[in-house]
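**Q** So that we are looking at the same thing, I have put the structure below in structure tokens.
We did not get these values from a lab; they are worked out from the coordinates using the rules stated. Since the model is a prediction, treat every value here as computed from it, not as a measurement. Backbone-built Cβ (ideal geometry, glycine too); neighbour counts: all protein chains shown.
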Amino acid sequence: MRRRRETIEHPFGTMKWLMAGPRFLVKGLKKAKTELALGVLCYNLKRVTNILGCPPYWKRWHSRPPD
């Protein structure tokens, strides 16, 4: 039980931090589910980027001066 808790707490804590708090910004179950799904998608994209690394064009895009 402890191992499972350690494994699952990190993603939820990170998503909570990325979404700026424990509350949803919308009202209604359907909208809250959508917001949670977007948060999970962002978390997974962040993980994939960290695991696989940034492609060269992504690094170039980040090095551009602001408009």
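**Q** Which value in deg cm²/dmol, rounded to the nearest 500, describes the helix-derived mean residue ellipticity at 222 nm for the chain, given -39,500 (n - 2.57) per DSSP H run of n ≥ 4 and division by the residue count?
**A** So the calculated ellipticity at 222 nm is -24500 deg cm²/dmol.
**Q** Fewest to most neighbouring Cβ within 10 Å: what's the order for Met19, Met1?
**A** Least to most surrounded, the residues fall as Met1, Met19.
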